[in-house]
Amino acid sequence: MTRQIHDQFAKEYLEELLASLGTIKKSKKVKSEVQEIDVWFEPATASRTDLPLGLLGKMAATCCLFEPFRNPPSEVEIRSCISKLYAVHGEVLRKAKRTNKTLTEAELPVLWILTPTFSARMIEEVVGIPPSFLPEEGMKEEWGKGVYFSPSLFKTGIVAIHQLPVNEETLWLRVLGKGGTQKRAVEELVQLPEGNPFQENLLEILANWRKSLELRDNLSAEEQEEIMNLSPAYLQQREEWKQEGIQEGIQRGSLEGQLSLITSLLEGRFGPLDAELSGLVEQIAQLPISERTGLLLSLANLSRSELLERFREN
């Protein structure tokens, strides 16, 4: 189930980033078997060079398949991805033949496997060279550290997300990582300058992913960590929802509306309210408007104990 939630998130996330560069075909079925490609991307004829997508934009410069993994893929899973690639090649070549078009090798799609981590043994299995013999920057220097390629005949690249340099060029891919890699990337995403063309929609996608995880029972330690990693994006999104709701509540001015709004914001920050937190709803509603608004806007930075202590002091 966790993998299904991640797969859906990754598809929406990549679609949001790549939609302005070309055509997305999500869950594209291939005829060899009942197989689905996570994301099949075809760049637009007139490429966009003004979008700050860094390494992901470079990958999307040619027709390609994206297969994002939540956990490191096994040998079997990698071969399955490669089999999808070759099935796609077959489709593309048959279509070209029907239209009397000749395709060059460069026009055939490339496979990109995105993995949060990748062991030295697996790198050697895919690349065919022990990592100790690779250049420091990776298999191909122009792609940088963390990007590995199988022999060119197989048209497959693997991105080891945990090895990517921490900079703006790799941000969009690092969000798909795990642990500290993902946590830092989400924090960077939240702090992007206002007006970034992707931030608003991606924050909503990340917030929805977090909510999907929270709805699950018996969360594993890894899932709990994921929720924490996604919290900055979730809280930022909630902040925007809250600001809109607070203004609406203030303008409406009704006590019932204020109580409902305050309850909703507290639940968004702390989850289902217990007796202590429920007791704060009316107290918050009775605060002066400016003080109440400031308090609700600062909820993201307050712990449960800090909030309770604040009212005990009063």
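A 1.4 Å probe, protein heavy atoms only, puts the accessible area of residue 183 near 90 Å². Multiplying the residue separation of residue 300 and residue 74 by 0.36 nm and removing their Cα-Cα distance gives an extension gain of 77.4 nm. Take region 182-222 with all the other protein chains still there, run a 1.4 Å probe, and you get 58 Å² of accessible area per residue. In this rough spin-label picture, where each label sits 7 Å from Cα along the Cβ direction, the residue 154-residue 220 distance is 2.6 nm. Approximating the spin labels as points 7 Å out from Cα along Cα→Cβ, the residue 200-to-residue 99 distance works out to 3.6 nm.
Shown in residue order for region 260-272 are the 3J(HN,Hα) couplings computed by the Karplus curve 6.51 cos²θ - 1.76 cosθ + 1.60 at θ = phi - 60°: 5, 5, 5, 4, 4, 5, 5, 5, x, 8, 10, x, x Hz (x for Gly and Pro).
The values are calculated or read from the model by the stated rules, or taken from the named source; none is laboratory data. If you're wondering where the values come from, they're calculated on a predicted model, not measured in any experiment. Every residue, glycine among them, receives a Cβ derived from its backbone with ideal geometry; neighbour counts consider all protein chains shown. For the accessible areas, the whole protein counts, side chains as well, though only heavy atoms, and no ligand, DNA or RNA atoms are used. Shrake-Rupley method; radii C 1.70, N 1.55, O 1.52, S 1.80 Å.
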